[in-house]
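Report on the following structure.
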Amino acid sequence: QSVLLNFPAGISKEEVATIFRFLSDHHDALRMRYAFSSSSSDVQYNEGSLDTIPIVTFDLEGEQDPTSVLLGLCNDLQRSIDLSVAPMFRLGLFDVEGGSRLLIVIHHLVIDGISWRILFEDIETLYSQLQEGLSLSLPLKTDSFQLWSSSLTEYLDSFSYDQSREYWSGLSESSSVSLLISD
């Protein structure tokens, strides 16, 4: 999934890196990676703080057809995500006539519609703080990935899970119902 943000006053690569370093430390899902194996189950890992933020920059000022070039570069960035290598996001910073455009590409395994809204709010907050020379801060996390993971493991060992699994398994074994549709 991707979004292209417009910064009419421009934004620097350093500002983008600062914002996304803070975001990736704050939002566990942005540091995910996956390991796939044919002999065992797939595994999801949550990496620690990122050493580098994956940003590529492009100067499109003076291009004959900047829109076409931008579109091609955006498509290339979308294809560059490797599920086995954290992070599962890529950033493209484009200098264009009238400011900067920031492409944010995040794999759908780690973001959804609600998460995008939270991320937009956090980007706006952090960008404003940078512009005002303030220390970066965001509201406290709701629940960490680690808490969610341990809660899920706890649930798998519970009586409630056993009942739920039994119920849903029973439905798949029950006889099917035909639907009659009349003209």
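The values are calculated or read from the model by the stated rules, or taken from the named source; none is laboratory data. What you are looking at is a predicted structure, and each value in this text was computed from that prediction instead of being measured. Positions of Cβ are backbone-derived with ideal geometry, glycine not excepted, and every protein chain shown enters the neighbour counts. Calculation scope for accessible area: heavy atoms of the full protein, side chains included, ligands and nucleic acids excluded. Shrake-Rupley method; radii C 1.70, N 1.55, O 1.52, S 1.80 Å.
Miscellaneous remarks
- Ligands, DNA and RNA aside, SER68 has an accessible area near 70 Å² when probed at 1.4 Å.
- Note on the stretch 1-146: dipole from Cβ charges, positive end direction compared against ILE11, LEU130, LEU119; the farthest Cα belongs to LEU119.
- About its Cα centre, the stretch 70-175 has a charge dipole of approximately 260 debye under the convention of +1 per Lys or Arg Cβ and -1 per Asp or Glu Cβ, with nothing else charged.
- Pairwise FRET efficiency - ASP51 versus LYS13, Cβ, R0 = 22 Å, nearest 0.05: 0.85
- Estimated inter-spin distance, LEU83 and SER172, nm [label 7 Å along Cα→Cβ]: 2.0 nm
- Residue-averaged 222 nm ellipticity for the chain, from DSSP H runs of 4+ at -39500 (n - 2.57), nearest 500: -13000 deg cm²/dmol
- Part-to-part distance (alpha-carbon centres) for the stretch 114-140 and the stretch 28-97, which is given in Å: 21 Å
- Under the combined filter of DSSP loop state and at most 13 neighbouring Cβ atoms within 10 Å, the stretch 1-52 retains these chymotrypsin sites (Phe, Trp or Tyr not before Pro): PHE36.
- For the chain, the fraction of 1.4 Å probe accessible surface lying on carbon and sulfur atoms is 52 percent.
- Theoretical gain in end-to-end length, ASN6 to SER182 [0.36 nm per residue, Cα-Cα removed]: 58.1 nm
- Between the entries [x] 39, 23, 17; [y] 26, 20, 15; [z] 52, 16, 14, the label attached to semi-axes √(5λ) of the Cα gyration tensor in Å calculated for this structure is [x].
- Spin-label zone in the stretch 51-83 - amide nitrogen under 20 Å from a point set 7 Å from the Cα of HIS26 along the C-beta vector: 51-55
- Student exercise, the stretch 1-154 dipole from Lys, Arg, Asp, Glu Cβ charges, in Debye to nearest 20: 320 debye
- Percent of beta bridges antiparallel (DSSP, the chain, rounded to nearest 5): 80 percent
- Among the GluC sites (Glu not before Pro) in the stretch 66-158, those placed in a DSSP loop whose Cβ has at most 10 other Cβ atoms within 10 Å are GLU97, GLU132.
- Approximate spin-label separation GLU121-TRP148, in nm, with each point projected 7 Å along Cα-to-Cβ: 1.6 nm
- Estimated vicinal HN-Hα couplings, Hz - the stretch 100-107 in sequence order (Karplus 6.51, -1.76, 1.60; Gly, Pro = x): 10, 10, 10, 8, 10, 10, 10, 5
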